[in-house]
Amino acid sequence: MTRKTTRERILEAALAEFDERGYEATTVAALCHRAGVSNGSFFHAFPSKEAVAAALFLAALAIYHEALIAAVPSETPAVKGVAALVTAHVRWVTRNRPTARFMFLHGQSADASVHRAEQAAANVRFRQGLAAWYEPNIQCGALLAASPELLVSQIIGPAQMFCRAWLSGRSSERPDRHLPTLIACAVRSVVLSSAEPSSKPVRQRRDRVLSPAK
């Protein structure tokens, strides 16, 4: 069995402490105690609690993005792709509840300036990863011609809001029980009415580019 590094132990302890106490109430002393490391070892690995939260947030974001990108191979039809993205989001949240709770709730309390640039870069990579799916579908008229930010927000946004309510305890309803409804809402938002919900792959057409909807 591989022994965990000091950094890994601190991150593991941080996720548990943030989930139980919240970000603001968690102290460096509590992190050291839970991780079983000295104060000196902590500051050798991280300069501050904010840096721990940033590392935890960025690691969670990377895993989350990978799950969503993997859900939509390049030739996935529009309807199937939208359904796959909503499903991937909901399943990731419900299967990784402590991590998701930190990323979507507690992580927002941390000092965003510590990881703002890295998060922006990660979001760019995420949109680029999804581009192989959405660009051909936009070009053939199956998906709404919108900016990547708007398109993704329309697909994931409703599911994310519902998941936040569950993560925070404001709702006891598991999001995965409402997947059909969440998928239907997302499909209505971005799949054009003329698009056929076919199972056939969408082939990229380089000779046709739609203008933004007026």
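The values are calculated or read from the model by the stated rules, or taken from the named source; none is laboratory data. If you're wondering where the values come from, they're calculated on a predicted model, not measured in any experiment. Methodologically, a virtual Cβ is constructed for each residue, glycine included, from the backbone with ideal geometry; neighbour enumeration extends over all protein chains shown.
Brief remarks on what is shown
- Of the residues Ala78, Ala67, Ala84, the single one that is in contact (Cβ under 8 Å) with a residue 12 or more places away in the chain and crowded, with 21+ Cβ neighbours inside 10 Å is Ala78.
- Residue match in the stretch 111-127 (condition: over 25 Å from Ala59 (Cα atoms) and free of Cβ contacts under 8 Å to residues at least 60 places away in the same chain): no
- Sub-8 Å Cβ pairs linking a first residue in the stretch 1-26 that is free of Cβ contacts under 8 Å to residues at least 12 places away in the same chain to a second residue that is of a type in the set (Asp, Glu), at least 6 apart or interchain, are Lys4/Glu12, ordered by first then second residue.
- For the stretch 162-172, a residue qualifies if it is out of contact with any helix residue (DSSP H, G or I) (no Cβ under 6 Å at 6 or more places or on another chain), surrounded by 11 or more Cβ atoms within 10 Å (Cβ to Cβ) and not aliphatic (A, V, I, L, M), and exactly one does: Ser168.
- When Pro98 is tested against (1) in contact with a Leu (Cβ under 9 Å, 6 or more places away or on another chain); (2) under 17 Å from Val190 (Cα atoms), exactly one condition is not met: (2).
- Any chance Asn137 is on the phi < 0 side of the Ramachandran plot, crowded, with 21+ Cβ neighbours inside 10 Å, modelled with pLDDT of 90 or more and among the polar types (S, T, N, Q): yes
- Residues that are of a type in the set (S, T, N, Q) and at pLDDT below 95 within the stretch 55-102 comprise just one, Ser74.
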